[in-house]
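The values are calculated or read from the model by the stated rules, or taken from the named source; none is laboratory data. Keep in mind the model is a prediction, meaning the values are calculated, not measured. Quick reminder, even Gly has a Cβ in these numbers, built from the backbone with ideal geometry, and neighbours come from all protein chains shown. What goes into the accessible areas is simple: the full protein's heavy atoms, side chains included, and nothing from ligands, DNA or RNA. Shrake-Rupley method; radii C 1.70, N 1.55, O 1.52, S 1.80 Å.
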Amino acid sequence: MINWPLRLEKRPEPLAVMRIAAPLIAIAAMLITGYLVFAALGQDPLQALMLFFITPVDSIYGVGELLLKATPLMLCALGLAIGFRANVWNIGAEGQLTLGALCGGGVALFWAPSLGGLGLPAALLAGVLGGMAWAAIPAFLRTRFNTSEILVSLMLVYIAQLALVYLLHGSWRDPDGFNFPQSKAFTEALTLPLLADGQRASIAVLFSLGLAAVSWVFSSRLFAGYRMRVAGQAPAAAAYAGFSERRNIWLALLVSGGGAGLAGICEVLGPIGRLQTSISPGYGFAAIIVAFVGRLHPVGIVLASLLMSLLYLGGESVQLALQLPAAVTGLFQGTLLFYLLAADLFVGYRLRRVLSPGAAR
Amino acid sequence: MNTSFLIAIFTGTVIAATPLIYAALGELVAERAGVLNLGVEGMMLVGALTAFAVSVTTGSLMLGFLAAACASMLLALLFAFLTLTLQTNQVATGLALTLFGLGLSAFLGRAFAGLPGQGIPDVHLPGLSDLPVIGPLLFRFDLAVYGSVLLYAALHYFLNHTRGGLLLRAVGESPAVAHALGQPVLKTRYLAVLFGGATSGLAGAYLSTGLTPMWVEGMSSGRGWIALALVVFATWKPLRVLLGAYLFGGVTVLQLHAQGFGINVPSELLSMLPYVATIVVLVLICRDPRTILLNQPASLGKSFHPDV
């Protein structure tokens, strides 16, 4: 090997401060990268960064948009994090979100009008159950047939989206909708109430904060949460203690599926207001990044989802103002996760100068 | 049902399978060295865009394929640096690579969306290509198709009959033992990941030039993930990758030709077939835990660093 002047050395104890500092370092590195990217695109980088990170949230409406986009991210990421901590890799939240929207939307279209005041809760419940059902498939196949939940949950994303398109081209299409593949708009009674006037965020924000609180209690106060943490950090110890892997897998997938399903139905009953072929701009995938940037901790996830939501708004803002492609959002999201993973190294390791080559050995 | 229809199904199958073969064989090499790279989908997309952009601007398909391999190799290098040198979690880093590749290709690809692309010409061997039935069945594909079969053969030979192949397998089974014997574990893993990157790039290049000569955001539509599933399906053996890829190619093509068989099912439901087939096939293979235990490289997905 080449003799680097610096050598990686394991810290005697993991550095707790780094666990919190790493996301901040990653955000700083992302901003520097953004500065360079905007400069390379021939824009004034400071002005572009202002447009990206400040302009979108300088009004009540803007803050509402921030909460609006943070909500589905939070709902998905909180559930995913519970699984990630236990080494259960549900990466199909996007599909569970779609199925939640489909089931809840179906109830709202065909059944809720006859339920009166119970229509809205019924639709929400159907959304949660739909997401859970979709996540139950990889859970069942993993526990019964040992099949990778990563691949199965991902394949189900495509299947869910095709199912939604199929229904919206067929029997669920609005007969008065000029043949657009979308359903009838939901009535007022089937729309989630807004948090405040003059912006678009609904009470779904409260659901997500509630879920954050529940998930905090679950993972730090309940024995079931402890079992899952042990399973993630020391699988051998968990097996020796007799903690059931099967139960962890089911729990992780059902919780994350339910969260994603709730995210889907809240989008449909909130800002979208009807079923249409595209419900999410990839919230289910971005939630994976949110979960990691939030350190798989509920408080961190709430903050990280706000940041990620800002990345979406910033992408739209620079698209409008500077005619840059909105896909710059995806670029920021990906680099953020890379920097975070790299910065994480310094939780457990440190760099040491090596004075004379080989002397460190 | 006439002969030309059957020939169309056969050739369609082979063409649909080709990108899967490239991507899955590359991932197989990385996994045999013990590295699980979930970034195949992202690398494929970047490869697809690069091949399209370079071949359209320079007019040379060869350059396009070469550039695609290099671009995806750069992404693979990033992945290797993070997971092998910096020891990050392979699953999380692979997911990040896929998301990054999706974003990067969508971002840079805006200028190329909707442009007419350059398709790969089929070879024409005088005499052979003109043979009835056999000609169209075997001798009228493009070079990339023959390349995929050659790649399989080379890989089969490399893994089973060379010193390098033995080293690769040893590193994947037990990096600690390989290291103790003085073998370069990290270097082997780096090379394996880079190889996987290059072939993912070629797979992407074939998507945007061979299969459909155009660039569309997210055009791999899960093929990178299907390639990952194929490696499991193949129980980490090259020959079964080849067979599995043709099976999947067949499913994709049958879905396109369903009307020809008089099957009247909505197209959205037929498009689900490859994804459903992936799940079914995974279940069939993983059903018996021993199949996986006996064949999966023992260190798959686990970090190893000789220094620490």
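Annotations
- Legend: calculated FRET efficiency, A:LEU118 to A:ALA224, from the Cβ-Cβ distance at R0 = 35 Å, rounded to 0.05, equals 0.70.
- B:ASP130 accessible area, 1.4 Å probe, all protein chains in place, Å² to nearest 10: 90 Å²
- Estimated 222 nm signal from helices in chain B, with DSSP H stretches of n ≥ 4 weighted -39500 (n - 2.57), rounded to 500: -22000 deg cm²/dmol
- Using the Cβ-Cβ distance between A:ALA136 and B:LEU243 with R0 = 35 Å, the FRET efficiency computed as 1/(1 + (r/R0)^6) comes to roughly 0.65.
- Per residue, in Å², the accessible surface of the protein assembly as shown once ligands and nucleic acids are set aside, probe 1.4 Å: 42 Å²
- Equivalent-ellipsoid semi-axes of segment A:1-104, from the Cα gyration tensor, Å, largest first: 32, 28, 14
- Kyte-Doolittle mean at least 0.0, axial Cα span of 27 Å or more - DSSP H helices of chain A: A:16-40, A:60-85, A:119-145, A:149-169, A:245-267, A:298-322, A:328-348
- Along chain B, the longest continuous region that contains none of the trypsin sites (Lys or Arg not before Pro) in a DSSP loop with at most 15 other C-beta atoms within 10 Å is B:1-286.
- Pairwise label distance in nanometres, B:LEU74 with B:PHE261, each label 7 Å out on the Cα-Cβ vector: 4.4 nm
- Coordinate range of the alpha-carbon atoms in chain A per principal axis, descending: 79, 59, 33 Å.
- Debye-formula intensities of the protein assembly as shown, expressed as log10 I(q)/I(0) at q = 0.05, 0.06, 0.08, 0.09 Å⁻¹, are -0.23, -0.34, -0.62, -0.79 (one equal scatterer per alpha-carbon, no solvent).
- Using the Cβ-Cβ distance between A:ARG353 and A:ASP44 with R0 = 35 Å, the FRET efficiency computed as 1/(1 + (r/R0)^6) comes to roughly 0.35.
- Extent along principal axes [Cα atoms of segment B:3-295; Å; largest to smallest]: 59, 45, 42
- At least 30 Å² accessible surface lost relative to isolated chain, residues of segment A:145-188 (1.4 Å probe): A:PHE145, A:ASN146, A:THR147, A:ILE150, A:LEU151, A:LEU154, A:MET155, A:TYR158, A:ILE159, A:LEU162, A:TYR166
- Ellipticity at 222 nm from helices only: DSSP H runs of n ≥ 4 in chain A, each -39500 (n - 2.57), divided by the residue count, give -22500 deg cm²/dmol.
- Computed over chain B, relative contact order equals 37 percent, with contacts defined as Cα pairs under 8 Å that lie 6+ residues apart.
- Accessible area of B:TYR275 in the full protein assembly, 1.4 Å probe (Å², nearest 10): 20 Å²
- Å³ per residue enclosed by the Cα convex hull of segment A:226-361: 187 Å³
- At least 20 Å along the helix axis (C-alpha) and Kyte average at least 0.5, DSSP helices within chain B: B:3-32, B:40-58, B:61-80, B:90-109, B:143-161, B:185-206, B:238-256
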